[in-house]
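Report on the following structure.
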Amino acid sequence: MAENAEHADHTAQPTTHPAYPVGLRLAGRRVVVLGGGQVAQRRLPALIAAGADITLISPSATPSVEAMAEAGEITWTRRRYEDGDLADAWYALVATTDPASNAAASAEAERTRTWCVRSDDAEAATAWTPATGRSEGVTVAVLTGHDPRRSAAVRDAIVEGLRDGSIAAPQHRARTPFVALVGGGPGDPDLITVRGRRLLAEADVVIADRLGPRDLLDELPPHVEVIDAAKIPYGRFMAQEAINNALIEHAKAGRSVVRLKGGDPFVFGRGMEEAQALAVEGIACTVVPGISSSISVPGAAGIPVTHRGVAHEFTVVSGHVAPEDPRSLVDWASLAKLTGTLVILMGVDKIGKIAEALIAHGKDPETPLALVQEGTTASQRRVDATLATVAETVRTQEVRPPAVIVIGEVVKEGPDRLTK
């Protein structure tokens, strides 16, 4: 009885001892996440990257979390928490909007000795999530007890020091609120520009796309508001007007706002529409260019978009509208006559019609083609075909967006092709 009483007293008292830091190896191990909101959206990418076997239990989810489920990165059980859901779990993240469910889940974790993080009550948790950052293969994790902003500041100082070689924390100084349209690159968080990452670290509000480098959201301090602007093909989406209004509203409230976009803001990113909407309201914005997927994704797959003696030019077009659609602004007849490389973005579901149009206008049906799905990420894969076979290949290989399509003789180049 004395032992039970001591245990009860220990769990009821506020934490007086420092947390014991440890790195959890979760690859292949069951992790349960309760709640599909903003907290889950921010924490799930790191759990996915760790290789965890993740079960999400929530009646609803943000579009970005829903996309993770649709991509097979997590298993989504669409209901509320029930006692027993943490069975055999190594780690649990409790982040629902129901305090009673959070308390019940926390109690179950205590009974089953499952390490458990609670977003609503850190004192009731058995584990805390540190402020984390990554640089050159090093993961920095900082815990400061009850001061998450300080954790984030220390983390940022160390990561910045690792990047510039100084390992020195910059002096704190007041900053002027800003609006920045930041190109996050093709997906790998290391491919965002230094300036883009710096502005992201200074933001009060981040309006993020699904195709942006989502792992960067996990590095944001807890006080940063993340607005999900995910645009899932044929699914839920945040209308462009709503995105513009959100930018304007937060800017006028004096907040530092980052619009985090995949690739480059002005390459099929509708960044100019956002800049124009801000200009109408008299709000200046900074544009931070990003690495476009049109060149980075082929490169990551070993495909040079230009190559001496093979291609002296490359053309990038949007494939979101089929060639026969009256809304199309692309001159497919002229493109068929080019001898260089053709890169198509947002064209996976239209590639059959696009191939037919190019062949009809004189392009050789045997022209080589490659589809690079989820380029620069851990899930990257390359599928090769020809104009004649691509429609069937996409169907049988279950190629899905986001994917960059490269058409031309450069597809045959690359170091990995020399021995084939």
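The values are calculated or read from the model by the stated rules, or taken from the named source; none is laboratory data. Not measured: the values here are computed from a predicted model. Note that we place each Cβ from the backbone using ideal geometry, even for glycine, and neighbour counts take in every protein chain shown. Heads up: the accessible areas ignore ligands, DNA and RNA and are worked out on the full protein's heavy atoms, side chains in. Shrake-Rupley method; radii C 1.70, N 1.55, O 1.52, S 1.80 Å.
When a/c is below 1.5 the answer is rounded, else prolate if a/b is larger than b/c, else oblate, so apply that to the stretch 355-420 with a ≥ b ≥ c taken from the square roots of the Cα gyration tensor eigenvalues. Let's see the in-between values first.
On the way: a/c = 2.11, a/b = 1.26, b/c = 1.68.
Verdict is oblate for the stretch 355-420.
So what are the ³J(HN,Hα) numbers for the stretch 369-377, from phi and the Karplus equation (6.51, -1.76, 1.60; θ = phi - 60°), rounded to whole Hz, Gly and Pro as x?
These are the phi-based 3J(HN,Hα) values: 8, 9, 10, 10, 8, 6, x, 6, 9 Hz.
Quick one: grab Rg to one decimal and Dmax as a whole number for the chain, Cα atoms only, in Å.
Gyration radius and largest Cα-Cα distance of the chain: 24.0, 86 Å.
Below 16 Å Cα-Cα, how many Lys pairs turn up in the chain? Only count pairs eight or more apart in sequence, or on different chains, if you could.
On the way: 231/261; 337/363; 353/363; 412/420.
Step by step, the pairs that qualify in the chain add up to 4.
Can you give me the long-range amide H partners of residue 179? Hydrogens built in the peptide plane at 1.01 Å from N, cutoff under 5 Å, separation of 5 or more residues or another chain.
HN-HN under 5 Å from residue 179: 257, 286.
With a 1.4 Å probe and all protein chains left in place, how much of the accessible area of the stretch 307-375 comes from carbon and sulfur atoms, in whole percent? Please list the in-between numbers first.
Values: 1930 of 3440 Å².
Roughly 56 percent, rounded to a whole number.
Hey, can you grab everything whose amide H is under 5 Å from the amide H of residue 211? Only 5+ residues off in sequence or another chain; H modelled, so Pro and N-termini drop out.
231, 262
For residue 225 and residue 308, FRET efficiency with R0 = 45 Å and r from the beta-carbon atoms, rounded to 0.05? Display every interim value, and only then the final one.
Numbers: r = 49 Å, r/R0 = 1.09.
Rounded to the nearest 0.05, the efficiency is 0.40.
How long, wide and thick is the stretch 279-355, going by the Cα atoms along their three principal axes, in whole angstroms, largest first?
Result for the stretch 279-355: principal-axis Cα extents of 47, 34, 21 Å.
Suppose R0 equals 41 Å; then what is the FRET efficiency for residue 122 and residue 190 from their Cβ-Cβ distance, rounded to the nearest 0.05? Spell out each step's value before the answer.
Working: r = 30 Å, r/R0 = 0.74.
So, using R0 = 41 Å, E works out to roughly 0.85.
Under 1.5 on a/c is rounded, so check that first for the stretch 318-378, then, if it is not, pick prolate when a/b is larger than b/c and oblate when it is not; a ≥ b ≥ c are the square roots of the alpha carbon gyration tensor eigenvalues.
On the way: a/c = 2.01, a/b = 1.30, b/c = 1.54.
Taking the square roots of the gyration eigenvalues as a ≥ b ≥ c, the stretch 318-378 is oblate.
Residue 314's amide H: which non-local residues (gap 5+, or another chain) put their own amide H closer than 5 Å, with H modeled 1.01 Å from N in plane and none for Pro or chain starts?
Those lying under 5 Å, H to H, from residue 314 are 341.
Skip the ligands, DNA and RNA, and give the accessible area per residue of the stretch 204-304 with a 1.4 Å probe, whole Å². Kindly include the intermediate steps, with their values, before the conclusion.
Values: 4130 Å² over 101 residues.
That works out to 41 Å² per residue.
In whole angstrom, note down how far apart the Cα centers of the stretch 307-322 and the stretch 26-55 are.
Distance between centres, Cα-based: 38 Å.
Could you work out how far apart the two model spin labels at residue 273 and residue 395 are, taking each label as a point 7 Å from the Cα in the direction of the beta carbon, and quote it in nm?
According to this spin-label approximation, the distance is 3.2 nm.
If each residue of separation counts as 0.36 nm, what is the full-extension length gain between residue 361 and residue 87 once their alpha-carbon separation is subtracted?
Details: separation 274, 0.36 × 274 = 98.64 nm, distance 6.03 nm.
That pair, residue 361 and residue 87, stretches by 92.6 nm at full extension.
R0 = 41 Å: FRET efficiency of residue 381 with residue 29, Cβ-based, nearest 0.05? The partial results should precede the final answer.
Details: r = 25 Å, r/R0 = 0.61.
Working from the Cβ atoms, E equals 0.95.
Restricting to DSSP H runs of at least four residues, report the calculated mean residue ellipticity at 222 nm for the chain, -39500 (n - 2.57) per run over all residues, nearest 500 deg cm²/dmol.
Working: 12 runs with 124 residues, N = 420.
Here the helix-only value at 222 nm equals -9000 deg cm²/dmol.
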